[in-house]
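Before any comments, here is the structure.
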Amino acid sequence: MRSMTGYSKISYQDSNFVIGMEIKSVNNKNLNLKIKIPSSLNSLENKIRSIVGSKISRGSIDLRINLEDRRDIESLYEYDEKICEAYLNVLKKMEKDLNENFSNKIDYLVNNFNVIKKKEQNSNDYEELIEAQLNILLDSFILFKEEEGNRLREYFRERVIFIENKLDVIKKYKEEIVEIYKEKLIKRLDKIKGKVEFSEEDILKEILLFTDKSDISEEVSRLESHLKQLHIELGSTSKTIGKKIDFILQEMFRELNTMGVKSNSYEISKLVVECKAEIEKIREQAMNIE
């Protein structure tokens, strides 16, 4: 289980390059990846997205990559010899025509005609290095998310056990509901005996009708099934269980709602409210599961 909240930062340095990478994320229904990279890495953006997408399925992610090229200046820059020669010839002709001596002709060329330019860099020079460092960053990032996810897993299990214990109490009350109703009905009928004609068959029909209306056996059975499935998902090693957990919780909430309406019992209604409160706690935290 992974949390969608995560953070990692790494740095790398050798004789040619200095690389810094930082990644952080918060919850999101889908994968929303924002990348900030220097222009020299623009050609690698699609590959970077592909690598991240292959390892992360959900979350709003901010990825920042810095690259400093420390190779010899001579290997990084060049000048156009023909243009320089042409400009220099013009300056020399100006000197001759104007009978003047320009002492800073080279400075003038460099400052005014932009004759020194950075060479077009081949991304192959650092593509493998960037990819290797990105994978190291993502491994650390995923470890952080898994550690957070494991803490959430234990929190969820505590909440589920609480609901299971409450459900055991609900099942006990469920068996008593009809008997309690029967006793109350007979007491009420005793008070009006002689004023209203009724038969044992009428009493039996009323009890059967109540039993049918208040029977929550199916809801209890389905809720138990959902709890078992939730335990399975919490023990799963799948990377993407957040949506499954959310679906199961919705179904559990639905069964509890029906149970509260049908039971016609204050005790059960109170337990149902407590269970629903625990589900809300799980749902709130489950929003942060990848």
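Before moving on, here are some points about what is shown:
- Span from the segment 1-64 Cα centroid across to the segment 269-283 one, whole angstrom: 38 Å
- Added length on full extension, which subtracts the Cα-Cα distance from 0.36 nm per residue, E95 to K117: 5.2 nm
- Close amide-amide hydrogen proximity is noted between G59 and N28, N30, L31, N32, each under 5 Å apart and 5 or more residues distant or on a separate chain (H modeled in the peptide plane; Pro and chain starts excluded).
- When you count the other C-beta atoms within 10 angstrom of each residue and take the mean per peptide, 159-171, 34-46 line up highest first as 159-171, 34-46.
- Heavy-atom accessible area, probed at 1.4 angstrom with all protein chains present, ranks V52, V18, V26 as V26, V18, V52, highest first.
- For the cross-link pairs K47/K244; K172/K270; K9/K34; K228/K281; K29/K145; K29/K55, the ones whose C-alpha atoms lie over 22 Å apart are K47/K244.
The values are calculated or read from the model by the stated rules, or taken from the named source; none is laboratory data. In this text the structure is predicted, and so the values were computed from the model without any measurement. We place every Cβ from the backbone using ideal geometry, glycine too, and count neighbours over all the protein chains shown. Accessible surface is based on the protein model in full, side chains and every heavy atom, while ligands, DNA and RNA are left aside. Shrake-Rupley method; radii C 1.70, N 1.55, O 1.52, S 1.80 Å.
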